[in-house]
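Enquirer: Could you have a look at this structure, given as structure tokens, before my questions?
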Amino acid sequence: GLMLVSGNDAAVAIAKYVGGSEAGFVQMMNDKVRELGLRDTHFDNSHGLDSAAHFSTPYDMAVLGRYGLAKPDFARIVATKQERVDGRGAYPLRNINRIVHNYPGGDGIKTGYTDLAKQAVVASAGVNGSRAIVVVMRSDGYVADATRLFDYAFNAFTGVKLDPPV
């Protein structure tokens, strides 16, 4: 619910469960970005909706995306196109990240929209053994913008093997 359909209610529920409270989880999030050496990100809530104290950069989001993809469960979840959750009924969940559905090799990561950030995406794609992560913020068309960045990355650069993130 959090990753596929971008459920803010799921973000708050997960935060309370994992962190004991939303504030406790947000502190964990801020501790993690500091641990990763990211100095231009600060979280003020668990869901990413606009807040004066909530900010980041495309670079920091790309690093966080790469860190997440190194976790097999995370990589599997963000690449999932559709899932069915059974409870009191059957709930079909379709990944709203159109990169996963429309870009060849697209396999994640997360979309977002707020009044300040507009359309945003941290996206991943693997093509011919190479992977690119692109970040788009303040977009009026994240799919077209991310597609142009992926096409440029895969056509202009030769892949380099990187060590896994810490």
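The values are calculated or read from the model by the stated rules, or taken from the named source; none is laboratory data. Treat the numbers as computed from the prediction; the structure is a model and nothing was measured. All Cβ positions, glycine included, derive from the backbone under ideal geometry; neighbour counts span all protein chains shown. Protein only, heavy atoms only, side chains kept; ligands, DNA and RNA dropped before computing areas. Shrake-Rupley method; radii C 1.70, N 1.55, O 1.52, S 1.80 Å.
Enquirer: Which whole number in µm²/s is D for the chain by Stokes-Einstein, with the Kirkwood Rh taken over Cα pairs at 25 °C and 0.890 mPa s? Don't jump to the answer; show the numbers that get you there.
Expert: Details: Rh = 16.7 Å.
Diffusion coefficient, whole number: 147 µm²/s.
Enquirer: So how do 30-37, 132-139, 100-107 stack up, highest first, on mean other-Cβ count within 10 Å?
Expert: Working: 30-37: 13.1, 132-139: 19.8, 100-107: 16.8.
The densest-packed peptide leads the list: 132-139, 100-107, 30-37.
Enquirer: Of 125, 24, 45, which is farthest along the charge dipole of the chain in the positive direction, counting Lys and Arg as +1 and Asp and Glu as -1 at C-beta?
Expert: Farthest towards the positive end: 125.
Enquirer: Could you tell me what percent of the accessible area of the chain is made up of carbon and sulfur, with a 1.4 Å probe and every protein chain present?
Expert: On the way: 5640 of 10150 Å².
It is 56 percent, rounded to a whole number.
Enquirer: In addition: In whole Å, how far is the Cα centre of segment 40-54 from that of segment 68-118?
Expert: Cα centroid to Cα centroid, the span is 21 Å.
Enquirer: At 7 Å along Cα-to-Cβ for each site, give me the label-to-label distance between residue 84 and residue 115 in nm.
Expert: Label-label distance for residue 84 and residue 115, simple model: 4.0 nm.
Enquirer: Also, I was wondering about something else. For segment 10-102, what is the convex hull (Cα atoms) projected area averaged across all directions, in square nanometres? The partial results should precede the final answer.
Expert: On the way: hull surface 29.4 nm².
If I average the Cα hull's projected area over directions, I get 7.3 nm².
Enquirer: How far, in nm, would the chain grow between residue 94 and residue 39 when pulled straight, counting 0.36 nm per residue and subtracting the alpha carbon separation?
Expert: 16.4 nm
Enquirer: Skipping prolines and chain starts, which residues have an amide H placed within reach, meaning under 5 Å, of the one on residue 127, given they are 5 or more residues away or on another chain?
Expert: Placed amide hydrogens put 132 under 5 Å from residue 127.
Enquirer: Can you order the peptides 60-70, 46-56 by their average number of other Cβ atoms within 10 Å per residue, highest first? Could the numbers behind the result be given before it?
Expert: Details: 60-70: 19.7, 46-56: 15.7.
Averaged packing, sorted descending, gives the order 60-70, 46-56.
Enquirer: Which value, in Å², gives the accessible area per residue of the chain when a 1.4 Å probe is used on the protein heavy atoms? Please list the in-between numbers first.
Expert: On the way: 10150 Å² over 166 residues.
I get 61 Å² per residue for this part.
Enquirer: Let me ask you something else. Per DSSP helix of 4 or more residues, -39500 (n - 2.57); summed, then divided by the residues of the chain. What does that give at 222 nm, rounded to the nearest 500?
Expert: On the way: 6 runs with 66 residues, N = 166.
So the calculated ellipticity at 222 nm is -12000 deg cm²/dmol.
Enquirer: Now a separate question. Using θ = phi - 60° and the Karplus form 6.51 cos²θ - 1.76 cosθ + 1.60, what ³J(HN,Hα) does each residue of segment 136-141 get, whole Hz, x for Gly and Pro?
Expert: 10, 10, 6, 9, 9, x
Enquirer: Test of understanding: what is the full-extension gain from residue 162 to residue 53, defined as 0.36 nm times their sequence separation minus their Cα-Cα distance? Intermediate values should be presented prior to the final figure.
Expert: Working: separation 109, 0.36 × 109 = 39.24 nm, distance 3.28 nm.
Taking residue 162 through residue 53 to full extension adds about 36.0 nm, to one decimal.
Enquirer: Can you figure out the FRET efficiency of residue 21 with residue 139, using R₀ = 30 Å and their beta-carbon distance, to the nearest 0.05?
Expert: Details: r = 33 Å, r/R0 = 1.10.
FRET efficiency, residue 21 to residue 139: 0.35.
Enquirer: If you place +1 on the Cβ of every Lys and Arg, -1 on the Cβ of every Asp and Glu, and leave all else neutral, what size is the dipole of the chain about its Cα centre, to the nearest 20 Debye? Before the final figure, lay out each step's value.
Expert: Details: 18 positive and 17 negative charges, 85 e Å.
The dipole of the chain has a size of about 400 debye.
Enquirer: On to the next question. When only Cα pairs under 8 Å and 6 or more residues apart are kept, what is the percent relative contact order across segment 1-131? Intermediate values should be presented prior to the final figure.
Expert: Values: 180 pairs, mean separation 26.2, N = 131.
Relative contact order here is 20 percent.
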